Amino acid sequence: MSLDDKFIPIQLGFYDTLSTFFKTIARIFGYPNNTGLPKVPLISDDEWARTSFLENLPIHRTSWPPVQRPETWFEVFFSPSPKLDTVQRYIYESKEEGFYNFYIENYKNIYFLPDWFSEFLQVRLNFCLDINALETFRELFFIALVVYSQVVMLRIALSWFIFINPYTFPWCYIAAAVDWTEEVLQGIVPSVLGVNITGTVFLGVLGVIADSLNHLVFTMPFLPSEGEKSKLLINGELKDVLVFHYLPLLWYRHPIPNELREFWYKKRPDILYYMQQSYQNLDIQFLPNNLEILGRLTAESRPFLEFLNTDSIDLFNNLST
């Protein structure tokens, strides 16, 4: 008999003892009538297909801190400004789909604004086609987060030099800009081996927020929910994309901005003609407001003009006789 065979009774006895011990504890909680946690419900085929689709999507990869690529001698010596690595929008025109179509590559980690907030920006604040202000705000916010993260790192570094008093000039400004985070997080984030790690945790939160701006996609003039999943052959590779095309939903729910309609009428009559021909069955105003009012006045005054014209002809005939 080998040595392993001699330990088999001991192993079996140990397993039986543990089994009896756990069953005794389980009976306190109603075992075997109480089966414990509920079983996981079965996932429908649609949910399973959606989950599998999302798992197979690629990841929009970025880096934090952002990679610095100097392009001029000034940037070589003084460092370039932080730049976003956003998801590219590819705009295209088509006779069937219209003039304001675009698509983006579909990634697992992209973000969109909520529909209600996107609608508020487009309808109330008039961010329809020109989103340069939104892009500029996002870039400035990203730069501000990067700069502030450097200030937090400097404050953490100062805490390790005991011969520097951070509450004297000029270090007091750095302490005033960062120390408020310790007052907020110190009761939440515990110390590790007596070391305060609130600054490190806050630095990580800043990094997550700043990096998420790289994955934020603006879909104006469409709502984010209007994106259609599709596949396109890009550079010889079949990729998953989100396509935004045809007439934006907000242009049906709300009036099209008058500035845009004036642009169509004065500079792009081809777009105006396409809109009028393609969506003539919809009750949508495509002409500028001034032309629309003039057309209504003309239509309303036409019976009166016809009446005057008829009376003038009768009067002329009476005078002639």
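The values are calculated or read from the model by the stated rules, or taken from the named source; none is laboratory data. Just so it is clear, the model here is predicted, and its values are computed rather than measured. Neighbour counts run over all protein chains shown; Cβ positions are idealised from the backbone, glycine included. With ligands, DNA and RNA removed, areas are computed over all heavy atoms of the protein, side chains included. Shrake-Rupley method; radii C 1.70, N 1.55, O 1.52, S 1.80 Å.
Observations
- Taking θ as phi - 60° and the Karplus parameters 6.51, -1.76 and 1.60, the scalar couplings of region 143-149 work out to 4, 4, 5, 5, 4, 5, 5 Hz in sequence order, x denoting glycine and proline.
- Solvent-accessible area per residue, Å², over region 178-288 with all protein chains present [probe radius 1.4 Å]: 56 Å²
- Taking one quarter of the surface of the convex hull spanned by the alpha-carbon atoms of region 79-127 gives a direction-averaged projected area of 5.9 nm².
- Net length gained if the chain between residue 168 and residue 18 were fully extended (0.36 nm per residue, minus Cα distance): 47.7 nm
- Environment charge at residue 213 (Cβ cut-off 12 Å; Lys +1, Arg +1, Asp -1, Glu -1): -2
- Computed from backbone phi, the HN-Hα couplings of region 248-262 come to x, 5, 5, 6, 8, 6, 10, x, 5, x, 5, 4, 5, 5, 5 Hz, rounded to whole numbers (Karplus: 6.51 cos²θ - 1.76 cosθ + 1.60, θ = phi - 60°; Gly and Pro given as x).
- Nearest-20 debye value, region 46-192 charge dipole, Cβ charges on Lys, Arg, Asp, Glu: 420 debye
- Projecting label points 7 angstrom from Cα along Cα→Cβ for residue 94 and residue 129 puts them 1.9 nm apart.
- Amide H within-cut-off set for residue 249, under 5 Å, with H built and near neighbours excluded: 223
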